[in-house]
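Scroll down for the structure; my scribbles are underneath it.
The values are calculated or read from the model by the stated rules, or taken from the named source; none is laboratory data. What you are looking at is a predicted structure, and each value in this text was computed from that prediction instead of being measured. All Cβ positions, glycine included, derive from the backbone under ideal geometry; neighbour counts span all protein chains shown. With ligands, DNA and RNA removed, areas are computed over all heavy atoms of the protein, side chains included. Shrake-Rupley method; radii C 1.70, N 1.55, O 1.52, S 1.80 Å.
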Amino acid sequence: MKTIRFGFLGIGDIAGRVIPCFAYATGVRVDAAAARELERAQTFAQKWGIPKAYGSYDELFADADIDAVYIGTPHPLHEDVVVRALRAGKHVVCEKPMGANAAQVARMIDEARRQKRFLMEANWRRFFPAMMQLRQMVREGALGEIRLIESSCGFYAPWQGNEEKRLFNPGLGGGAMLDMGIYCLSFTWDMLGGKLPQSIQATAQLAPTGVDLQTAMLMQFDNGTIAVGTTAIGTALPPLLRVIGSKGRAELDESDLSVLRYTDAQGKEQLLACPFEGKGYQYEFMAAADCIRAGQLESDISPLQQSLDMARASDEVRRQIGVHYPFDEEE
């Protein structure tokens with residue numbers, strides 16, 4: 001099996017959480033790190049035992065030994081780097097959300113198809129064993145007809161004194177919707193096989209900087225299914241994912257994704273063990289590597305059309321709640 005060699009760029013907090021998970025992975029490794037300052041890249045590479053460090057992204061793209069790149073920059077910056085990587089012949093795994101709006105996502109997808117390179121949004125929880133198990137249960141009809149989907153994804157961070165930081169800065173795509181709301185949309189899309197909502201209604205509390213501190217979404221689907229999603233960066237929400245069908249319900253506590261709780265229509269409960277190692281980021285990279293080796297240009301688990309559909313839904317939510325970014329004019 002060919003090992004897929006990754007280069008990492010955007011070596012901030014998220015990259016520091018992802019890198020240790022490669023210790024549990026097979027068929028993938030990290031061979032290079034890049035930053036805008038060579039010293040920063042060298043420090044990161046030394047810390048994690050990465051063989052190569054580059055002081056520019058273009059140097060990484062020019063490395064013929066690197067098969068694919070992981071992009072962990074702030075989401076408004078994704079498009080430029082993704083396009084450059086694709087044009088350099090690299091496959092790309094891009095941190096969620098793939099773009100800060102649907103126009104950016106559409107252009108990245110178009111470029112990937114022009115260059116015939118693999119592109120995937122790194123929505124890590126989609127690839128967990130528990131999510132794979134739940135997705136299979138839904139597809140096989142174990143829960144019956146899906147009636148209600150509930151998702152709650154959020155945390156508390158104080159905005160006072162942090163107005164310029166990414167979470168609260170409109171210029172950096174801050175706010176709950178793009179940071180955590182993407183998980184609510186992803187879970188809903190997963191459980192319904194990518195069906196689009198017939199309608200979306202949203203309400204929010206905004207920070208003085210103009211980004212959303214907390215947002216609630218109500219989605220109605222043409223088959224009658226209702227989805228409710230709550231997301232926040234200003235409220236410590238319970239980490240819950242639940243899908244309720246005519247034959248039973250299943251739920252995940254995101255603070256412990258090693259257990260899937262299933263309750264049948266008679267109220268009998270089962271705890272299904274879905275163990276994993278480390279923090280679980282390795283699964284998305286192993287899945288991407290499998291696709292690259294097979295010559296696929298996108299993932300069946302995280303398909304590009306779903307990334308675009310979720311970006312469009314996110315744009316609609318932001319339109320309704322009045323969150324506007326400076327770069328939205330490019331749409």
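Here are some notes:
- Prolate/oblate/rounded label for the range 74-163 (Cα gyration tensor, a/c 1.5): oblate
- Whole-percent carbon and sulfur share, accessible surface of the range 169-212, 1.4 Å: 50
- The chain, relative contact order in percent, only Cα pairs under 8 angstrom and at least six apart counted: 20
- Taking amide H as placed 1.01 Å from N in the peptide plane, Leu206 has its amide H under 5 Å from the amide H of Leu213, each at least 5 places away in sequence or on another chain.
- For the chain, calculated [θ]222 nm from helices alone, where every DSSP H run of n ≥ 4 adds -39500 (n - 2.57): -9000 deg cm²/dmol
- Charge dipole (debye, nearest 20) of the chain; +1 at Cβ of Lys and Arg, -1 at Cβ of Asp and Glu: 640
- Percentage relative contact order, the range 27-168, counting C-alpha pairs under 8 Å, at least six apart: 14
- The H on the amide N of Val28, modeled in the peptide plane, is under 5 Å from the matching H of Ile4, each at least 5 residues off or on a different chain.
- Gaussian network model of the chain, Cα within-10 Å springs - most flexible of Gly174, Gly99, Gly49: Gly49
- [x] 147; [y] 132; [z] 157, with the label sought being that of the calculated volume of the Cα convex hull per residue in Å³: [y]
- Candidates Ala204, Ile301, Met219 compared by Cα position along the dipole of the chain: farthest toward the positive end lies Ile301, with charges placed on Cβ.
- Here the simple spin-label model places points 7 Å from the Cα toward Cβ, and for His324 and Ala64 these points are separated by 5.1 nm.
- Here's the list of lysines a cross-link from Lys247 could span, going by alpha-carbon distance under 24 Å and ignoring same-chain residues fewer than 8 apart: Lys195, Lys268.
- Whether the range 1-89 is rounded, prolate or oblate, judged on the alpha carbon gyration tensor where a/c under 1.5 counts as rounded: rounded
- The long axis of helix 282-293 is offset from the longest Cα principal axis of the chain by roughly 70 degrees.
- Residue-by-residue Karplus 3J(HN,Hα) for the range 188-195, coefficients 6.51, -1.76, 1.60, Hz, glycine and proline x: 4, 4, 4, 5, 10, x, x, 5
- Estimated inter-spin distance, Ser246 and Val228, nm [label 7 Å along Cα→Cβ]: 2.2
- Amide H contacts of Gly234 (H built 1.01 Å from N, in plane; Pro and chain starts excluded): Phe155, Ala157 sit under 5 Å, all sequence-distant by 5 or more or on other chains.
- Overall form of the range 259-331 per C-alpha gyration tensor (a/c, 1.5; a/b vs b/c): oblate
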